[in-house]
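Below is one structure, written out as structure tokens; the observations come after it.
The values are calculated or read from the model by the stated rules, or taken from the named source; none is laboratory data. Source: prediction; values computed, not measured. We place every Cβ from the backbone using ideal geometry, glycine too, and count neighbours over all the protein chains shown. Each accessible area value is taken on the protein alone, full model and side chains, heavy atoms only, with ligands, DNA and RNA left out. Shrake-Rupley method; radii C 1.70, N 1.55, O 1.52, S 1.80 Å.
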Amino acid sequence: PLSPAAVVGAGLGGSAAAYFLQQHFGPQVQLDVYEAAGVGGRLATVTVNKQQYESRGASIHALSLHMQDFVKILGLKHRREVAGKSAIFSGEHFVLEETDWYLLNLFRLWWHYGISFLRLQMWVEEVMEKFMRIYKYQAHGYAFSSLEELLRSLGGEAFVNMTQRSVAESLLEVGVTQRFVDDVIAAVLRSSYGQSVLVPAFAGAMSLAGAQGNTWAVEGGNKLVCSGLLKLTKANVISARVTGISLHSSEGRALYQVHYESTEGQGSAFYDMVVVTTPLHPSRSNFTFENFDPPIADFPGAFQPSVTSVVHGYLNSSYFGFPDPKLFPFTSILTTDTPDLFFHAMDNICPVNISAAFRRKQPQEAAVWRVLSQQPLDKHQLKTLFRSYYSVQVAEWQTYPRYDAAKALPPIVLHENLFYLSGVEWVASSMEMIAVAAKNVALLAYNRWHQDLEKIDQRDLMHKVKTEL
């Protein structure tokens, strides 16, 4: 039996990995979860006027089956949706505006962009339909030892290639026009990844699927999923920063020594199995691996700096061409890739606990806006977006991989029973992608531990799963 196992990081990846490991190995597995900052990782909230707001990772796609499951198991609720309209701003004017009337929106898109809109939808749907196969495979206990194998099992070489070429290239190929890519696709990717249409096609497809409206969030804040899963698994959460892992062997089996630093000083502990869910890129962590032969290589790639400013204030609607703030109709503003635009997107955000009586502030009232940008906003930029403001809370993150195509994907298996979860973000970064990766790592660890090789890296799984039913 597996005795102690360690999980490094208590964000969504770490909490989901702990939960799935216990699901597969059974309740007797001892789980230590190391977290330096706070449970929830990037799923954090900020407080404005005694109310809490999501500072990041705000929406979850309707098809996110693992996230849906977590919410059900933990007895959490979906947050009530408060309707609002979005528009895409070019720095001078709005290139696309949403209306109250869904059909008119479609007609507008159609009128502006013709068949591009339909081609985009078909492309995204085809990717999502194949991606959804993962749930069937995982329900049957199948796991993958590399991200490439996982992608291959879902969509063949085409899916692997989608991590190596840009979303722009893929869409132009299926007949979407350059204008649609520049106006609409660029705005969506800037608001989700803070990057351009050069992000890989697969990450782009996931982000575009989320932009189609049917998203939700957790009542009380998405980070409740993390604390809930850790409580459910009765994991032992250790507040310490892991500095490295060294390999030892005992009776022919690998034993991993996890070294950490806490307020009490330095310490270490031994484990049969370790899952690392924090990014192992030199820019993000100075993590050392000792006694591994061959040595564990450095991870290529960099991270995109992104800044979230939560501003409580009065929107300067005249900057957007509405001299009378009462007439400003939008709650969400996306932007095109224009050199002089200093922000990626801004939203009039609602608190994580929405009462039945809650109503969204009118545009002429002070509201809480979340502004996403690459650099911190200076006084002049804040004054451009807001007539006046009460408070500004700034969080700087290295959130998303800097997606330049043609990078090899990071490995999942670092050593016999040492696994790496965060590499999945180089395929696409969303809460559900991380949950899928956590389930895969747990299944992979379980199948390898029990030497059940029939359940790892199988090809033609659609056929196998059909015959098993």
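Would it be correct to say that Ala366 is modelled with pLDDT under 95, small (Gly, Ala, Ser) and more than 25 Å from the chain's Cα centre (by Cα)? Give the steps one after another, and end with the answer.
Values: modelled with pLDDT under 95: no; small (Gly, Ala, Ser): yes; more than 25 Å from the chain's Cα centre (by Cα): yes.
Answer is no for this residue.
For Ser306, state whether it is farther than 24 Å from Asn447 by Cβ, in a strand (DSSP E or B) and of a type in the set (Ser, Thr, Tyr).
Details: farther than 24 Å from Asn447 by Cβ: yes; in a strand (DSSP E or B): yes; of a type in the set (Ser, Thr, Tyr): yes.
Yes: the conditions hold for Ser306.
Among what's in the range 39-82 and is surrounded by fewer than 16 Cβ atoms within 10 Å (Cβ to Cβ) and without any contact (Cβ under 8 Å) to a residue 12 or more places away in the chain, pick the residue that is nearest to the chain's Cα centre (by Cα).
Step by step, filter the range 39-82, then rank; the result is Asp69.
If I ask for residues that are open to solvent by less than 80 Å² (accessible area, probe 1.4 Å) and polar (S, T, N, Q), which ones from the range 233-267 would you list?
Those that are open to solvent by less than 80 Å² (accessible area, probe 1.4 Å) and polar (S, T, N, Q): Thr233, Asn236, Thr243, Ser246, Ser250, Gln257, Ser262.
Please work out which one of (1) surrounded by fewer than 19 Cβ atoms within 10 Å (Cβ to Cβ); (2) at pLDDT 90 or above is the condition Phe303 fails and give its number.
Failing condition for Phe303: (2).
Take the residues in the range 1-26 that are in a loop (DSSP other than H, G, I, E, B) and at pLDDT 90 or above, then tell me which one is surrounded by the fewest Cβ atoms within 10 Å (Cβ to Cβ).
Start the filter on the range 1-26 by keeping residues that are in a loop (DSSP other than H, G, I, E, B), which leaves 1-3, 9-11, 26.
After this cut, where a residue has to be at pLDDT 90 or above as well, the list is 9-11, 26.
Values: Gly9: 26, Ala10: 29, Gly11: 25, Gly26: 11.
The residue in question is Gly26.
Identify, please: which residue in the range 174-196 is in contact (Cβ under 8 Å) with a residue 40 or more places away in the chain and polar (S, T, N, Q) and is, among those, most open to solvent (accessible area, probe 1.4 Å)?
Thr177
Would you check which residues across the range 357-393 are open to solvent by 50 Å² or more (accessible area, probe 1.4 Å), among the hydrophobic types (A, V, I, L, M, F, W, C), part of a loop (DSSP other than H, G, I, E, B) and in contact (Cβ under 8 Å) with a residue 12 or more places away in the chain and list them?
Scanning the range 357-393 gives a single hit, Phe358.
Residues checked against (1) surrounded by 23 or more Cβ atoms within 10 Å (Cβ to Cβ); (2) closer than 24 Å to Lys439 by Cβ:
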| residue | (1), (2) |
| --- | --- |
| Phe144 | yes, yes |
| Leu172 | no, no |
| Leu198 | no, no |
| Thr215 | no, yes |
